[in-house]
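The values are calculated or read from the model by the stated rules, or taken from the named source; none is laboratory data. Here the structure is a predicted model, which is why all the values come from computation and not from measurement. Reconstructed Cβ throughout: ideal geometry from the backbone, glycine too, with neighbour counts over all protein chains shown.
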Amino acid sequence: MATFKELGVSEHFIQALTEMNINKPSEIQEKSIPFLLKNQNDFIGQAQTGTGKTAAFGLPLLMKINPKSTEVQGLILAPTRELCQQIAKHLFKLTKYAPEKIFVGAVYGGEKIEIQLRNLSRPTQIIVATPGRLIDLLNRKAISLKTVKTLILDEADEMLSMGFKEELNTVLRQIPTDGKKWLFSATLPTALQKLIDTYMAKNTKMVQVSKHEVVNNLIEHQYFVCEEKDKFDYVVQFIKTMNAASGIIFCRTKAAVQTLTKQLISKNYPVDAIHGDLQQKERDKVMRAFKSHKLKILIATDISARGIDVDDLAYVIHYQLPDQPEYYTHRSGRTARAGKRGISICFVTQSEVKRLNEYTKLLNISFKKI
């Protein structure tokens, strides 16, 4: 395995990586960084959440920025406000020892647009944005994309599944013709392939992480078969066996999230929920409590959980199976971070077992029956 130095990363970024306890490049970093540093091609990196994508595109982007220019040179689009905040924070940490300051601004819905307008009036070389808020700012003429040299679409499949197709088209049309497009995604569904064919160059370079890293091999995938009416009781039993460790429970619908939250609160479990109806202030409050371990259990829908990055999650429970198989990898990837082990357990009825067989084939994972 190569070192970051061998990949071509500057010494001051390596110093920051060491401080962040990132000492060896992950597979996606090893495959992406040297290419992105040396070439001017468009690029597609297919890799799952939790494989180090942010540094894979963040380091080459930072090394291409001209700190002396106050223009926006890099634009990163991400599906959720949490992911935007996470990316901006990561880039900020990477620049800690940089000889010249590089300014990163994050813009997303749920925060007053006036605050973001004020922040953007300062020199900003990299903008991290959710598609909806970026369009708002473009319509207000608060941002121009004319100087963008690199556009990065992170979790591109998720942005499309959240309904941001028109916003992505609008942004892609406004990027200068010589601007480079880097796309990172766990999956490449048909709708995303159409976007690639329309906006990305014919000689676009594509790399994929090997199958074993698409789904983290430190995760133990389990399933438990029960009647629907007994599911709640068995989930409670499982939580008891985890001895107050932190975890996330996934439901497919907002209604199921709300019902399950009430049921667990009635049993005196320290739980709360995040779903699409929450105001940003409420959502931030829940996430602060969960990250500080005041809350041990978070109950979430697939969309609302995007961008959540919490260390030391011991387990993920699939109370309801997801709509799409790739969501299983997004969900299970919340546990077993930073070299730790974790459990991803599905509570299913007998008729749902065949869907787990599909996951086995599609995602190259094996389930253990409990």
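Results, tabulated for the structure shown:
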item: Matching residues, segment 156-172, being free of Cβ contacts under 8 Å to residues at least 12 places away in the same chain and either under 15 Å from Tyr327 (Cβ atoms) or touching a helix residue (DSSP H, G or I) at 6+ places or on another chain (Cβ under 9 Å) (or both); result: Glu166
item: Counted residues, segment 108-122 - those being touching a Ser or Thr at 6+ places or on another chain (Cβ under 7 Å) and modelled with pLDDT of 90 or more; result: 1
item: Set Lys93, Lys112: member being within 24 Å of the chain's Cα centre (by Cα) and without any contact (Cβ under 8 Å) to a residue 12 or more places away in the chain; result: Lys112
item: Segment 45-89, residues that are surrounded by fewer than 22 Cβ atoms within 10 Å (Cβ to Cβ), under 15 Å from Ala106 (Cα atoms) and of a type in the set (Lys, Arg); result: Lys89
item: Filter result for the condition that a residue is of a type in the set (A, V, I, L, M), free of Cβ contacts under 8 Å to residues at least 12 places away in the same chain and out of contact with any helix residue (DSSP H, G or I) (no Cβ under 6 Å at 6 or more places or on another chain), over Ala314, Ala300, Ala255; result: Ala255
item: Residue that is nearest to Gly333 (Cα to Cα), among those in segment 157-183 that are among the hydroxyl-bearing types (Ser, Thr, Tyr) and part of a helix (DSSP H, G or I); result: Ser161
item: Any hit, segment 184-199, residues being modelled with pLDDT under 90, in a helix (DSSP H, G or I), outside the structural domain of Cys346 (by TED's automatic domain parsing) and not small (Gly, Ala, Ser); result: yes
item: Glu326 part of a helix (DSSP H, G or I), modelled with pLDDT of 90 or more and outside the structural domain of Tyr108 (by TED's automatic domain parsing); result: no
item: Sole residue being assigned by TED's automatic domain parsing to the domain that holds Ile345, within 23 Å of Tyr327 (Cα to Cα) and in contact with a strand residue (DSSP E or B) (Cβ under 6 Å, 6 or more places away or on another chain), chosen from Ile248, Ile239; result: Ile248
item: Among residues of segment 31-64, those that are assigned to a strand (DSSP E or B) and either in contact with a His (Cβ under 6 Å, 6 or more places away or on another chain) or among the aliphatic types (A, V, I, L, M) (or both), counted; result: 1
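Results for (1) of a type outside the set (A, V, I, L, M); (2) surrounded by fewer than 18 Cβ atoms within 10 Å (Cβ to Cβ), shown as yes or no for each residue.
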residue: Val104; (1), (2): no, no
residue: Ile113; (1), (2): no, yes
residue: Leu153; (1), (2): no, no
residue: Lys165; (1), (2): yes, yes
residue: Thr170; (1), (2): yes, yes
residue: Leu183; (1), (2): no, no
residue: Thr187; (1), (2): yes, no
residue: Gln193; (1), (2): yes, yes
residue: Asn203; (1), (2): yes, yes
